[in-house]
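> Below is one structure. I have some questions about it.
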Amino acid sequence: STRQTLLKDFFLNL
Amino acid sequence: MFEAKLNEASVFKKIVESVKDGFKNCNFDCSEEGISMESMDDAHIALVSMKLGVEAFSSYRCDRSISLGLNIESLLKVLRTANNNDVLTMRAEDDGDLLTLVFEDSSNPDRISEYNLKLLNIDQEHMSIPEQEYTATVTLPSSEYQRIIRDLTQLGDSITIDAAKDGVRFTAEGDIGSGSVSLKANTNVGEDEKSIDIAVEEPVALGFNSKYLTQTCKAAPLAPRVSLNMCKRIPIFISYKLQAGHFSFFLAPQISE
C-alpha cells in the first residue's frame, strides 16, 4: 500500500 | 514606500493564475532584492515558491521590507481587468493596509485604471527547506509536461515519474486501465527549447497524487521549459526559470510501505 507523505515529514517547520 | 513597475502585467497575472487552485491567501514579501512568495497548501502536500528579482521590473523601490498579504481570488479579479501588455505599477505605503495596482494601456496612454486591494494579515507557516542534491533531473518543454500530466490524470489518481539514464517514463494506473508516456533523452540540435535533457546519477521512481501534479503544470505559460528534480523518498522540486527569478513547487511523494 502507498502512503501520502506531507512536506512536514521532510522540511523543518519554522 | 514600496513601488514596482512591470512592463507587462501578464507576467504577474500568469504567476497568480498558476497558484489560484491550490493556494487561497499568500504573503508577497517585498524587499530590496525583489518580490518573493512561499505558500503551502492546506493539506501540507504542496509548497509553491516564487521569486521575481529586481531586474524583472522596469523600476523598483522598496524602502523597508514589507509583506503584502493578499487573497489570490481577489488579486486575480483585479489582474484580469488588465490587457496583457498593460504596464502594471504596484504600490503600498510602509504602514498602509492597501495595495494599489495601476494599469496603463500601452496602446492608449489616455486610459489609466487604478484598483486598491485590502491587505490581509496572513498567519503563514514557514518551512525551512534543506539544501538538497538531486540525483535525477529531467528538463523538458513545459507544454509537453502539461500535456502528459493532463492525459495521464484521466487514467488514475496517482502518477509515477520514473527517471533513468536514457529516458523518463510517466505512468498512471486506475479503475479503467493504465497508461504511460515515455520520453527518450535527446538533444534536438538547434532546437534547444524542445529537447529532453536528462541527468541521472541514480535512477529514481516517485509517485504523486495527480491532482497536485496538475497544479504544478498550470505554470506552463510562464516559461518554455520546466525541470523536474528528484531524489529517492523526498519531495520533488519542480522549477520554471523566469527571466529574473523562478517559479517552483515542492511536492511530497506517495511512498509504498
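The values are calculated or read from the model by the stated rules, or taken from the named source; none is laboratory data. Bear in mind the structure is a predicted one, so any value in this text is a computation, not a measurement. For neighbour counting, all protein chains shown are included, and Cβ atoms are generated from backbone atoms with ideal geometry for every residue, glycine included.
> Mind checking which pairs have a first residue in the range B:66-89 that is within 14 Å of residue B:9 (Cβ to Cβ) and a second that is β-branched (Val, Ile, Thr) and buried (at least 21 other Cβ atoms within 10 Å of the Cβ), Cβ under 7 Å, 6 or more apart or different chains?
Final answer for the pair search is B:75/B:16; B:76/B:16; B:79/B:16.
> Please verify whether the range B:219-238 includes one or more residues that are small (Gly, Ala, Ser), assigned to a helix (DSSP H, G or I) and within 14 Å of chain A (Cβ to nearest Cβ). Step through it out loud before you land on a result.
Narrowing the range B:219-238 to residues small (Gly, Ala, Ser): B:219-220, B:223, B:227.
Next, only the ones that are assigned to a helix (DSSP H, G or I) stay: B:220.
So of that shortlist, the ones also within 14 Å of chain A (Cβ to nearest Cβ) come out as none.
Looking through the range B:219-238, none of the residues is small (Gly, Ala, Ser), assigned to a helix (DSSP H, G or I) and within 14 Å of chain A (Cβ to nearest Cβ).
> A follow-up question, please. How about the range B:233-257: which of its residues are of a type outside the set (Gly, Ala, Ser) and more than 21 Å from residue B:44 (Cβ to Cβ)?
Taking the range B:233-257 first, the residues of a type outside the set (Gly, Ala, Ser) are B:233-238, B:240-243, B:246-247, B:249-251, B:253-255, B:257.
Selection gives B:240, B:241, B:242, B:243, B:246.
> Also, I was wondering about something else. What residue, among those in the range B:201-218 that are part of a strand (DSSP E or B) and free of Cβ contacts under 8 Å to residues at least 60 places away in the same chain, is farthest from the other protein chains (Cβ to nearest Cβ)? Walk me through it before giving the result.
Within the range B:201-218, the first condition is being part of a strand (DSSP E or B), and the residues that meet it are B:204-209.
Then drop every residue that is not free of Cβ contacts under 8 Å to residues at least 60 places away in the same chain, which leaves B:205-208.
Values: B:205: 12, B:206: 10, B:207: 6, B:208: 9 Å.
Selected residue: B:205.
> Which of the residues that make up the range B:87-133 are in contact with a helix residue (DSSP H, G or I) (Cβ under 8 Å, 6 or more places away or on another chain) and modelled with pLDDT under 95?
The answer is B:127, and nothing else.
> Is the range B:58-74 home to any residue that is out of contact with any Ser or Thr (no Cβ under 9 Å at 6 or more places or on another chain), under 20 Å from residue B:127 (Cα atoms) and among the hydrophobic types (A, V, I, L, M, F, W, C)?
Yes: one or more hits.
> Follow-up question, since we're still on this one. Taking only the range B:239-257 into account, find how many residues are surrounded by fewer than 22 Cβ atoms within 10 Å (Cβ to Cβ), within 14 Å of another protein chain (Cβ to nearest Cβ) and assigned to a loop (DSSP other than H, G, I, E, B).
1
> A follow-up question, please. When both residues are 6+ apart or on different chains and their Cβ atoms are under 6 Å apart, which pairs have a first residue that lies in the range B:139-163 and is closer than 20 Å to residue B:198 by Cβ, and a second that is of a type in the set (S, T, N, Q)?
B:139/B:227; B:149/B:214; B:159/B:210; B:160/B:171
> What's the total number of residues in the range B:170-193 that are surrounded by fewer than 15 Cβ atoms within 10 Å (Cβ to Cβ) and either among the acidic types (Asp, Glu) or at negative phi (or both)? Working first, answer last.
Within the range B:170-193, the subset surrounded by fewer than 15 Cβ atoms within 10 Å (Cβ to Cβ) is B:175-178, B:182, B:184, B:186-193.
Still in the running and either among the acidic types (Asp, Glu) or at negative phi (or both): B:175-176, B:178, B:182, B:184, B:186-187, B:189, B:191-193.
Residues in the range B:170-193 being surrounded by fewer than 15 Cβ atoms within 10 Å (Cβ to Cβ) and either among the acidic types (Asp, Glu) or at negative phi (or both): 11 in total.
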